[in-house]
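Down below is the structure, laid out as structure tokens.
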Amino acid sequence: MQATQFPMEEVTTSPRLNLDKPRWDQTKFVGRLKHFFNITDPRTALCSEKELDDAKQLVEQYKLGLEPPGTKEEQLWYAQKLYMSAFHPDTGDKQNVIGRMSFQVPGGMLITGVMLQFYKTVPAVVFWQWVNQSFNALVNYTNRNAKSETTPREIGLAYVSATSSALVTALSLNSLTKKAPPIVGRYVPFAAVAAANCVNVPMMRQKELKNGIAVYDEHGTELGKSKKAAQKGIRQVVISRITMAAPGMFFCL
């Protein structure tokens, strides 16, 4: 008696996620915008140390194929979001809260508001410009390119140069606008911030300008180092820092 043949049921498995790549298509503006909002979400700055450590552990387990049974895709993307918000991409070390990109919006808004409020007296200008540049220096150091080592001397030089340029700009413009309408004086903090960013970022990342940054092809293979790429990247960072500060300092006048 011939055995009955039953068709084999095709077993389908979901493809593994590539957590090393952004969740959204980076060739499109909307995809880049979503990715930016995702990694700078201020709510992630409120997450506990345990939440961050658990997120890192889950991401690392998944990359090894050892994630807990029943782990869902949304859990993985959220864990990756927390991991990217709090851990340095080069070293894997946990970043200090104030220096994280997720703290940029609340931290920057607070300092900007104070600078706009207290800009008339010399002591107030000096103190709050110092606070702002200290904040910027910490952010730059926290998010530095760890592959281009920066010495304490270079960090100190960048900090002093940026703070000095901000103070000189602010105090000089304050003295020039004493007889101008009050609305003109309101723009002094923004001019000082813009001037300081033009000094702070290039100084903090001067080794990249000198030695270049690694350039990769579409497959992730390193092609070499490029000074032009470093110049372009740092120029974009400076412009973006100034642009990010502009809305708050213009529309809050």
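Read the figures in this text as sums done on the coordinates, not as results from a lab. Fair warning: this is a prediction, and the values are worked out from it, not measured in the lab. Note that we place each Cβ from the backbone using ideal geometry, even for glycine, and neighbour counts take in every protein chain shown.
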Q: Would you mind putting 189-197, 225-233, 160-168, 210-218 in packing order, based on average other-beta-carbon counts within 10 Å, highest first?
A: 189-197, 160-168, 225-233, 210-218
Q. Put +1 on the Cβ of every Lys and Arg and -1 on every Asp and Glu Cβ in segment 29-86; which of Q57, P68, V30 then has its Cα farthest towards the positive end of the dipole?
A. V30
**Q.** R153, R32 arranged by Cβ crowding within 10 Å, fewest neighbours leading
**A.** R153, R32
Q | Farthest toward positive dipole pole in segment 6-135 [+1 Lys/Arg, -1 Asp/Glu at C-beta], among A79, F135, Q95 | A | F135
Q | When each of K81/K210; K72/K225; K28/K232; K21/K94; K34/K56 is checked by Cα-Cα distance, pairs over 31 Å | A | K81/K210; K72/K225
Q) How far, in nm, would the chain grow between R32 and Q117 when pulled straight, counting 0.36 nm per residue and subtracting the alpha carbon separation? A) 27.2 nm
Q: Could you compute the FRET efficiency for L209 and L64, with r as their C-beta to C-beta distance and R0 at 51 Å, rounded to 0.05?
A: 0.85
(Q) Which residues does the label zone of S134 cover in segment 153-176, counting backbone N under 20 Å from a point 7 Å along Cα→Cβ? (A) 153-171
Q) Which FRET efficiency, nearest 0.05, do V168 and Q236 yield, Cβ-Cβ r, R0 45 Å? A) 0.95
